[in-house]
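One structure is given here, and the rest of the page talks about it.
The values are calculated or read from the model by the stated rules, or taken from the named source; none is laboratory data. Because the structure is a prediction, the values reported are computed rather than measured. As a convention, Cβ positions derive from the backbone with ideal geometry for all residues, glycine included, and neighbour counts pool all protein chains shown.
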Amino acid sequence: AKPPSSEGVQPKEAAQPAPPSWTNSTGFQAPKSFAPQPPPEPAAELDDSSSANSRPQTPKKQALRDATKAVNTRVLAAVETLDVGEIPAPQTIAITNRSPSGALSSPYVFTWTGVSDATGYLFRLYDGEGYHHDRQVDVADLGCSGGGTCTYDLANASPAIALGQGAARWNVRITGGAEHNDWGSWINVSVGTVETLTASTLTAPPSMVGTPFTVSWTGSLGASHYIFDVRRVSDNVQVLAQTRGKYEVCTGTTCSLTFESLPTDDYTIRIRTNSEHNLNGPWSNTLSFHADAEAPRPIAPKGLTPNLSSYSFTNRTNAIQYRLRWVSQDGTSHEATPNAGGCGTSGVCAYNWTRTLPDGGAAWAVQAAFGGGVWTPYVWQDIAFGSSLPTLTAPTLASPTARTGHFGKLYWEPTLGISGYDIEVLDGTGTLLESYSLTKAELRCDNPDTHNLCEFQPADQSVGDYQWRVRAVGLDDAPGPWSPTTAFSIETSPAPPVGPLTPNTLIGAGAVGSTDTYRWSSTVTAQYRAQLFTAYGGTPTETTPVPAWAGCSDLTTCYYGMPRPIAEGGAVWGVQYHLGSPGMWSAYQWQDIAFGDSYPTLTAPIQYEPAGLVGSPVTPKWKPEVGVRSYDFELFDGSGNPLTSAQYTKKELGCDNPTSAAAVCKPAPITLGLGNYSWRVRARGLDDAPGPWSALLAFNIDDDGPTPVTPNGPVT
């Protein structure tokens, strides 16, 4: 998908994919944008008449808003990532004498004092309905060439801007000159009445859901956005977090949003309101629900199939109805909805097909409905109609056809009436490196309704020239012809030339400090994704894909303003970049930081191994902590004499990545002879000051292993 243009209206955030355990077809992982929240506050009572208070629109203005929403919706569907709608600009005060502030009245005219060498300005306005408006304007059109007062009349905006009612804010960024990319500070304004943020009232989901499921609620007239918090009941871990603009999900105060399926488990959901003045409303009521992903599965037929056949599938416990679906290669489809009475007691259901489909490849699927009309996902099975299996053709490759960057995924067009694909990756000379045989389900392209490309990610490769090819495998396991062998190259190493720059030490306490600007080195790319963790394996405080145009126009450094305060203590932030093909991202590069008035107090690291009786070589391992720059390691013999001492960065120890709670720091293996030993480790803070040593952890290498004795010659 192309990145959003800076010349149009952009959505606050685009649709979220599923969490990492259930990644969607594009390969994007679900951003988890918010730190764990305290228990929900009691829901406030809403006036039942509030839903009738949506503001009227003139036909002309309504048409403009409809067009604006259409632009947002198209970008939303294409990008499938968060936009920069809620990212505050950096707080560099380079632009002064800005007006207006407070309540706006028509005509909407904005002014500021420009700088002498600017060539233009980016005008940014977030309105009360969650829309994000960006307009790049030349100084000649603002009347401030060489400096002076810049004047921007929204009546001249192109594309036109229709402002939503409620709390809003605006800012300006310099383009060109010595202060290129510097901003003013945000100015809070309002359009019409700014309503009080009240608690929403969740009315759905019901206690049992399948896939997809819909969340419904009564909204607040004062909200610009809604923040969603879905947690697993068993451990209170947040599994889904999203922010949606009001324009995406509400008509007046009647709001709804459909989510993809969750894994089978018990969950809670709550939402809260948010306004463009960076205010959060109270949490809604909390609803508990059970997501059930158990689905019936096709049994037969599986290969060449005559029309008017009997179709069998596994019984789904407590199902009240089934839905069968057939799709042929030419797009012809049929559905049938038998009740559960045909399943008997054997655990197998049967349905007799009474219609016909064209000869050739096809697929059929089954899903089940249970309490309250909730449906399970479809499960698909390829088949073929006619007197013989379809002739297989070479697959059409989608990407990469020629690329640079860290190796990502392979994509190609799927076809119906096959069992799977063979995939080969070769080096530049044609020598085979990797080969795979996978089903369509494993390649995420078994559902013909979604029109997804088949996708596969082989092992990461180093810099060099490569080739790849794919062939289909028929329902009789006979392979078809290979696709053309297609060359591509990797011209950057797996560690991309992009990484965190600032902040890299202590960030001031409170909202001003912890919403500081984050900067990283840039490369020529369309999009970046930033994350911040306050604990290893925790929920990322932010996961925000940032289009390059937002802060990387000089292709040297990029910025990202943290949109909410972060608790005091250590943290880790990182950045990765998009490689240009769907679902293909570089590895994250990580940087430890800390928030507060002083550096965090360091504690002695928790050691894991070696301890007790071990063999050689040994690999010391210990638990990493956030807000740490490096570690000192020391090894002693049985008499306490030092053998080895070294200082390692977290990256050298392989523990700079905070995404896993099971992360361990470990240097290279150390080969030792028989005897007694001990080791210890200490952390160094972001100011390079050492913390306390761990205890000396003793271990003993008692035996190099058994030695063969007999037989040692000819053996009968």
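Being of a type in the set (Phe, Trp, Tyr), touching a Pro at 6+ places or on another chain (Cβ under 6 Å) and more than 30 Å from Leu257 (Cβ to Cβ), is that true of even one residue in the range 145-160? So far as the range 145-160 goes, no, none of its residues is of a type in the set (Phe, Trp, Tyr), touching a Pro at 6+ places or on another chain (Cβ under 6 Å) and more than 30 Å from Leu257 (Cβ to Cβ). When the range 425-455 is filtered for residues that are at pLDDT below 85, assigned to a loop (DSSP other than H, G, I, E, B) and among the charged types (D, E, K, R), the ones remaining, listed by number, are Glu442, Arg444, Asp449.
In the range 384-416, the residue that is modelled with the highest pLDDT out of those that are in a loop (DSSP other than H, G, I, E, B) and touching a Cys at 6+ places or on another chain (Cβ under 9 Å) is Pro414. Is it the case that some residue within the range 642-649 is in a loop (DSSP other than H, G, I, E, B) and either touching a strand residue (DSSP E or B) at 6+ places or on another chain (Cβ under 8 Å) or among the charged types (D, E, K, R) (or both)? Scanning the range 642-649, I find no residue that is in a loop (DSSP other than H, G, I, E, B) and either touching a strand residue (DSSP E or B) at 6+ places or on another chain (Cβ under 8 Å) or among the charged types (D, E, K, R) (or both), so the answer is no. The residues of the range 306-357 that are touching a Gly at 6+ places or on another chain (Cβ under 9 Å) and either aromatic (Phe, Trp, Tyr) or on the phi > 0 side of the Ramachandran plot (or both), listed by number, are Asn318, Tyr322, Tyr351.
Where strands (runs of 3 or more DSSP E) fall entirely within the range 103-163, those with at least 3 residues that are at pLDDT below 90 are at 120-126, 131-138. Consider the range 358-377 and keep the residues that are closer than 19 Å to Leu416 by Cα and buried (at least 22 other Cβ atoms within 10 Å of the Cβ). The one that is farthest from the chain's Cα centre (by Cα) is Gly361. Scanning the range 427-459 for residues that are out of contact with any Gly (no Cβ under 8 Å at 6 or more places or on another chain), within 13 Å of Leu410 (Cβ to Cβ) and among the charged types (D, E, K, R) yields a count of 2. Restricted to strands (runs of 3 or more DSSP E) entirely inside the range 212-279, those with at least 2 residues that are in contact with a Leu (Cβ under 8 Å, 6 or more places away or on another chain) are 213-218, 225-232, 238-245, 265-275. Taken over the range 215-247, the criterion of being crowded, with 21+ Cβ neighbours inside 10 Å, of a type in the set (D, E, K, R) and either free of Cβ contacts under 8 Å to residues at least 24 places away in the same chain or touching a His at 6+ places or on another chain (Cβ under 9 Å) (or both) is satisfied by Arg244, Lys246. Just one residue in the set Ser312, Ser288 is part of a strand (DSSP E or B) and closer than 23 Å to Ser216 by Cβ; that residue is Ser288. When you check Tyr466 against the structure, is it buried (at least 19 other Cβ atoms within 10 Å of the Cβ), at pLDDT 80 or above and assigned by TED's automatic domain parsing to the domain that holds Tyr311, yes or no? It is false that Tyr466 is buried (at least 19 other Cβ atoms within 10 Å of the Cβ), at pLDDT 80 or above and assigned by TED's automatic domain parsing to the domain that holds Tyr311.
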